[in-house]
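Asks: Next up is a structure, given as structure tokens.
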Amino acid sequence: MYLVVLSRSGPQWQAGKPLEEQTLWGAHADFMDELVDAGFVVLGGPLSDEHRVVHAIEADSPEHIRATLGRDPWSESHLRVESIEPWTIRLDGRR
């Protein structure tokens, strides 16, 4: 099952600083790369406002997603999960 996760910047996010200059960036990036390599995160990245992030995730349930993302070094400090919604994919151009 695919789910879409919308996250918002947390209290330690420093507006105006690039991603790579935020505290704990290296640990967060390594963690997220591991989730991509495991097939958990399918697509992801920040929206243009730089305060929201969207991830398309393949998981069994929202609880599984919350538990997994809760291990992120940025969890609740730099990123807070705002919503998790099931996603029905009807069009898929990936090959």
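The values are calculated or read from the model by the stated rules, or taken from the named source; none is laboratory data. Because the structure is predicted, anything quoted here is derived from the model rather than measured. Don't worry about glycine lacking a Cβ; one is built from the backbone with ideal geometry, like all the others, and counts go over all protein chains shown. Quick note on the areas: whole protein, heavy atoms, side chains included, nothing else; ligands and nucleic acids left out. Shrake-Rupley method; radii C 1.70, N 1.55, O 1.52, S 1.80 Å.
Asks: For the structure I just gave you, tell me whether Met1 is within 26 Å of Arg94 (Cβ to Cβ) and more than 13 Å from the chain's Cα centre (by Cα).
Replies: Taking the combined requirement at face value, the residue satisfies it.
Asks: Another question, then. Condition test on Arg66, is it assigned to a helix (DSSP H, G or I), in contact (Cβ under 8 Å) with a residue 12 or more places away in the chain, under 13 Å from the mean Cα position of the chain (by Cα) and under 21 Å from Pro11 (Cβ atoms)? Reasoning before the result, please.
Replies: Values: assigned to a helix (DSSP H, G or I): yes; in contact (Cβ under 8 Å) with a residue 12 or more places away in the chain: yes; under 13 Å from the mean Cα position of the chain (by Cα): yes; under 21 Å from Pro11 (Cβ atoms): yes.
It is true that Arg66 is assigned to a helix (DSSP H, G or I), in contact (Cβ under 8 Å) with a residue 12 or more places away in the chain, under 13 Å from the mean Cα position of the chain (by Cα) and under 21 Å from Pro11 (Cβ atoms).
Asks: Exactly one of these conditions fails for Ser83: (1) outside any loop (DSSP other than H, G, I, E, B); (2) among the hydroxyl-bearing types (Ser, Thr, Tyr); (3) surrounded by 15 or more Cβ atoms within 10 Å (Cβ to Cβ). Give me its number.
Replies: Looking at each condition in turn, Ser83 falls short on (3).
Asks: Another one. Under 6 Å by Cβ, and 6 or more places apart or on different chains, what pairs join a residue from the range 77-95 that is in contact (Cβ under 8 Å) with a residue 40 or more places away in the chain with one that is in a loop (DSSP other than H, G, I, E, B) and open to solvent by 90 Å² or more (accessible area, probe 1.4 Å)?
Replies: Ser77/Gln12; His78/Gln12
Asks: Among the listed residues Asp60, Asp30, Asp37, Asp49, identify the single one that is open to solvent by less than 70 Å² (accessible area, probe 1.4 Å), charged (D, E, K, R) and on the phi < 0 side of the Ramachandran plot. Steps first, please.
Replies: Working: Asp60 fails: open to solvent by less than 70 Å² (accessible area, probe 1.4 Å); Asp30 fails: open to solvent by less than 70 Å² (accessible area, probe 1.4 Å); Asp37 fails: open to solvent by less than 70 Å² (accessible area, probe 1.4 Å).
Asp49 is the lone residue from the list that is open to solvent by less than 70 Å² (accessible area, probe 1.4 Å), charged (D, E, K, R) and on the phi < 0 side of the Ramachandran plot.
Asks: Please name all residue pairs, on different chains or six or more residues apart, with Cβ atoms under 9 Å, provided the first residue is in the range 4-28 and is touching a residue at least 24 places away in the same chain (Cβ under 8 Å) and the second residue is open to solvent by 70 Å² or more (accessible area, probe 1.4 Å) and hydroxyl-bearing (Ser, Thr, Tyr).
Replies: none
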